[in-house]
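**Q** My questions will all concern the structure given below.
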Amino acid sequence: MAGAIIENMSTKKLVIVGVILLLFQAFAFMVGGLIAPSPTTAVHYLAVKCVDITKHRVGTKWFMPWGPNQCDKIQSFDEAMAKKVEANNIVFAVHIPLPNKEMSPWFQFMLVILQFDIAFKMYNQIDEGAMAMIDVGLAYRDDTVSEWTEMAHSFEQRKLNCNFTTSKTFENEGRYYECDLLPFMEVGSVAHKYYLLNIRLPVNERKKINVGIGEIKDIRLVSIHQNGGFTKVWFAMKTFLTPSILIIMIWYWRRITLMSRPPVLLEKVILALGISMTFINIPVEWFSIGFNWTWMLLFGDIRQGIFYSMLLSFWIIFCGEHLMETQLFEALAVGRGEVKMCECCVSAIKIFPELDLHPTNDSKDQTERNRFSVYWKQVGPIVFGSFCLFIFDMCERGVQLTNPFYSIWASDVGTELAMAFIIVAGICACLYFLFLCFMVFQVFRNISGKRTSLPAMSKARRLHYEGLIFRFKFLMLVTLTCAAMTVIFFIISQVNEGHWHWGEHTVQVNSAFFTGIYGMWNLYVFAIMFLYAPSHKRYGDGQSSGQCITGDAGGNSGEDIQLTTTITHVDGPSEIYKMTGKEAQE
């Protein structure tokens, strides 16, 4: 009969395949650690204070902090007071990038963080819950002589969360508050060479606008973008891995469709996993080099979310489909010998009715195991959680498509909601991993219970099944390792993104971790599709006929008795399927 490749391939060939995959995994880590630079770069900017002397504005005027057309500058607010320059006429200008440098589409995105330098004054302290109103405009151009083109303009509010670590006395006037970093801007593509930010802090005492925010001395910005070198390595990996997974997926499904029976649930789920891996692999990011696609960040999050959902669901179904039923063999006394019957071999009951064999609940189990609805309790929360994360992402990056200055972290409600999403997502990821470990423990426990049936078999069959059990256990441990690394990667990526929002955690995510985890996903999916594809091997009649029911011909005979030759056709269940069943997962 034909089984899966994991059952029929020789141990030597399996070891070779495993070593090759392990070498590719090591190479994936080395690509990020030795070839690619760090994933992101942070550049610090100090805003230049420009004076807007225009009394009647006609259109938008842009103020350059340096260059041939630089603005009229002041060094401090004391100088502004001496020159009788009002606060509403001061524009904080920041040019991105620094002089003699250019931005590049290889940078992929641009995240800007804002920080106020606020000095302590006894008669101008920061009020509790103070909000800073910011009038900000963003412009771009692709050479140093053309006019600036407005890209976005918005009025934004940011809550000041500042602490003064020393006593508030006259002696300590002039010391600076310690203020948290504030989310300021995020652009989903870097399609232009030069960007210009003009920031105003309008003051209106009657409307309480920018009143009680302390004495702001300077505005500092931190621009974060993806390194161009890392982007090239990342694109190269995607370009190489896409055809690899696509070819193995087509090969796998072709082997499945060549069988006379319809595909079972596990085979369908493996195909869906391959499709989701291919979807996340397709290097559509290449188009972002030539097109200003600001939605690429959102699209990347959606692709990654679909893959996460499919991968987590696959692991649940993968373990569930291999959980063993409470009985594997049924022993019935026949004369002086003993017959062992594999419960899935129902045809033996029809062939030998005189033996009074009774099927157990495994036949019902084989029907249930091929239904996706059996797993709704486990897969449902995964889908619901992914949908909630999608809504959360749309609430921020979806809005940023039209307003790059919007941030869900800008308000107290948004901050609490975002923090709740991240914390709950991390807790759910840990609980999922613990539940997966529990399922694997159940599988191992059941396998250990069934090993008591193996000594009654002939030596050849016992070694065959022991080999299958070892291979399956090893694959389950690899699955657990991949699950643990995926959960760690998910949590670290969330915390790392949150660092720039709340400034409490510093997590250095290096290139090796990114490329290594990404390579691990592809290698795991590749291995699953390869190992669970139907094998081209077919046993001889003598061996295949004795796969299910064996016995002793009498007290003096140690050879297996072949009770049936029509148990299963060549496209029937695999050895693991015949050994394993479904256990309730309540």
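The values are calculated or read from the model by the stated rules, or taken from the named source; none is laboratory data. Small disclaimer: the values here were computed from a predicted structure and weren't measured. We place every Cβ from the backbone using ideal geometry, glycine too, and count neighbours over all the protein chains shown. Side chains included, ligands, DNA and RNA excluded: accessible areas come from the protein's heavy atoms. Shrake-Rupley method; radii C 1.70, N 1.55, O 1.52, S 1.80 Å.
**Q** Go through segment 399-434 and give me each residue that's of a type in the set (Gly, Ala, Ser) and either touching a Leu at 6+ places or on another chain (Cβ under 6 Å) or within 30 Å of Asn292 (Cα to Cα) (or both).
**A** Step one: filter segment 399-434 for residues of a type in the set (Gly, Ala, Ser), giving 407, 410-411, 414, 418, 420, 425-426, 429.
Answer for segment 399-434, where residues must be of a type in the set (Gly, Ala, Ser) and either touching a Leu at 6+ places or on another chain (Cβ under 6 Å) or within 30 Å of Asn292 (Cα to Cα) (or both): Ser407, Ala410, Ser411, Gly414, Ala418.
**Q** What are the residue pairs meeting all of these: first residue in segment 518-538, first residue over 13 Å from Ile280 (Cβ atoms) and assigned to a loop (DSSP other than H, G, I, E, B), second residue open to solvent by 10 Å² or more (accessible area, probe 1.4 Å) and at pLDDT 90 or above, Cβ atoms under 6 Å, and 6 or more apart or on different chains?
**A** What qualifies is Ala533/Arg255.
**Q** What residue, among those in segment 403-427 that are among the hydrophobic types (A, V, I, L, M, F, W, C) and exposed (fewer than 14 other Cβ atoms within 10 Å of the Cβ), is farthest from Val269 (Cα to Cα)?
**A** Filtering segment 403-427 for residues among the hydrophobic types (A, V, I, L, M, F, W, C) gives 405, 408-410, 413, 417-425, 427.
If we keep only those that are exposed (fewer than 14 other Cβ atoms within 10 Å of the Cβ) too, we end up with 413, 420, 423-424, 427.
Details: Val413: 39, Ala420: 32, Ile423: 29, Val424: 27, Ile427: 26 Å.
This residue is Val413.
**Q** Please verify whether segment 384-402 includes one or more residues that are farther than 20 Å from Arg303 by Cβ, among the polar types (S, T, N, Q), in a helix (DSSP H, G or I) and open to solvent by 30 Å² or more (accessible area, probe 1.4 Å).
**A** no
**Q** Moving on. Of the residues Thr60, Thr54, which single one is under 45 Å from the mean Cα position of the chain (by Cα), assigned to a loop (DSSP other than H, G, I, E, B) and of a type in the set (Val, Ile, Thr)?
**A** Values: Thr54 fails: under 45 Å from the mean Cα position of the chain (by Cα).
When all the criteria are applied, what remains is Thr60.
**Q** Here are some conditions: (1) modelled with pLDDT of 80 or more; (2) out of contact with any Phe, Trp or Tyr (no Cβ under 7 Å at 6 or more places or on another chain). Ala484 meets all but one. Which one does it not meet?
**A** (2)
**Q** For Asn69, all conditions in the list (1) touching a Gly at 6+ places or on another chain (Cβ under 6 Å); (2) without any contact (Cβ under 8 Å) to a residue 24 or more places away in the chain hold save one; what is the number of the exception?
**A** Checking Asn69 against (1) touching a Gly at 6+ places or on another chain (Cβ under 6 Å); (2) without any contact (Cβ under 8 Å) to a residue 24 or more places away in the chain, the one that fails is (1).
**Q** Separate question: Inspect all residues belonging to segment 280-288 and state whether any of them is surrounded by 20 or more Cβ atoms within 10 Å (Cβ to Cβ), of a type in the set (Gly, Ala, Ser) and under 30 Å from Ala119 (Cβ atoms).
**A** Within segment 280-288, not a single residue is surrounded by 20 or more Cβ atoms within 10 Å (Cβ to Cβ), of a type in the set (Gly, Ala, Ser) and under 30 Å from Ala119 (Cβ atoms).
**Q** Within the group Lys159, Lys101, which residue is modelled with pLDDT under 90 and surrounded by fewer than 17 Cβ atoms within 10 Å (Cβ to Cβ)? Talk me through it step by step, then tell me what you get.
**A** Numbers: Lys101 fails: modelled with pLDDT under 90.
Within the list Lys159, Lys101, the selection yields Lys159.
**Q** Can you confirm whether Gln494 is modelled with pLDDT under 80 and outside any helix (DSSP H, G or I)?
**A** Values: modelled with pLDDT under 80: yes; outside any helix (DSSP H, G or I): no.
No.
**Q** Could you tell me which residue of segment 122-153 is surrounded by the fewest Cβ atoms within 10 Å (Cβ to Cβ), considering only residues that are under 30 Å from Thr402 (Cβ atoms) and in contact with a Gly (Cβ under 8 Å, 6 or more places away or on another chain)? Spell out the reasoning first.
**A** Taking segment 122-153 and keeping what is under 30 Å from Thr402 (Cβ atoms), we get 129-153.
Remaining after also requiring in contact with a Gly (Cβ under 8 Å, 6 or more places away or on another chain): 130, 144, 150, 152-153.
Numbers: Ala130: 18, Thr144: 11, Glu150: 14, Ala152: 17, His153: 14.
Among them, the one singled out is Thr144.
**Q** Follow-up question, since we're still on this one. Give segment 236-277 a look and list any residue that's of a type in the set (Phe, Trp, Tyr) and either closer than 30 Å to Leu114 by Cα or crowded, with 17+ Cβ neighbours inside 10 Å (or both), or say none. Before the answer, list the steps.
**A** Of segment 236-277, the ones of a type in the set (Phe, Trp, Tyr) are 240, 251-253.
Listed by number, the residues that qualify are Tyr252, Trp253.
**Q** Still on this structure, I have one more. Where in segment 82-146 are there strands (runs of 3 or more DSSP E), lying fully within it, with 1 or more residues that are over 23 Å from Tyr195 (Cα atoms)?
**A** Numbers: elements: 90-96, 110-119, 131-141.
Where strands (runs of 3 or more DSSP E) fall fully within segment 82-146 and carry at least 1 residues being over 23 Å from Tyr195 (Cα atoms), they are 110-119, 131-141.
**Q** Sticking with this one: For a quick check of your reading of the model, give me the residue pairs whose first member lies in segment 13-29 and is closer than 14 Å to Tyr518 by Cα, whose second is small (Gly, Ala, Ser) and in a helix (DSSP H, G or I), with beta-carbon atoms closer than 7 Å and at least 6 apart or on different chains.
**A** Between residues of segment 13-29 that are closer than 14 Å to Tyr518 by Cα and residues that are small (Gly, Ala, Ser) and in a helix (DSSP H, G or I), the close pairs are Leu21/Ala527; Phe24/Gly519; Gln25/Gly519; Ala28/Gly516; Ala28/Gly519; Phe29/Ala512; Phe29/Gly516.
**Q** Hey, another quick one. Considering each residue of segment 279-292, count those that are in a helix (DSSP H, G or I) and either among the aromatic types (Phe, Trp, Tyr) or modelled with pLDDT of 95 or more (or both), and give that number. First the steps, then the outcome.
**A** If we filter segment 279-292 for residues that are in a helix (DSSP H, G or I), which is where we start, we get 279-281, 284-289.
From the residues that got through so far, the ones that are either among the aromatic types (Phe, Trp, Tyr) or modelled with pLDDT of 95 or more (or both) too are 279, 286-287.
Matching residues across segment 279-292 total 3.
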